[in-house]
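What follows is a single structure, written as structure tokens, with notes after it.
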Amino acid sequence: MAKQTYGYAENKDAVLKRLSRAEGQIRGIAKMVDDDQYCIDILTQITAAQAALDKVALELIRDHTKHCMMHAEGDDEMRIKADELTAAIGRMI
């Protein structure tokens, strides 16, 4: 059986690199809490980590649109993919 290919396949390394960076930011935030750092400084770092994850999400949306929606066959499949994307964006916001 052939392995399923997703829209991010071409950018997988870049997506993983961004996620790794965000993971490092989260670990840094945990260390800040452990080290009893100032609340506002922690909140600033949380905002930066959220922004990093938002960039990954936007990249995945772009890839999904280019790959999955562009390759949808027929109006019904296109509607299903559009509804799926809309629901995912709704969960994000």
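Where a number appears in this text, it was derived from the coordinates with a stated rule and is not lab data. Being a predicted model, the structure only gives us computed values, none of them experimental. All Cβ positions, even for glycine, are placed from backbone atoms using ideal geometry, and neighbour counts span all protein chains on display.
In this Cβ point-charge picture (+1 for Lys and Arg, -1 for Asp and Glu), the chain has a dipole of about 240 debye about its Cα centre. Calculated from the structure at hand, Cα extents along the principal axes in Å is found among (1) 64, 37, 23; (2) 34, 26, 21; (3) 56, 28, 19 as (3). Applying both filters, DSSP loop and at most 15 other Cβ atoms within 10 Å, to the GluC sites (Glu not before Pro) of the stretch 17-89 gives Glu73.
Taking 22 Å as the straight-line reach from the Cα of Lys66, the lysines in range (excluding those fewer than 8 positions away in the same chain) are Lys3, Lys12, Lys17, Lys55, Lys81.
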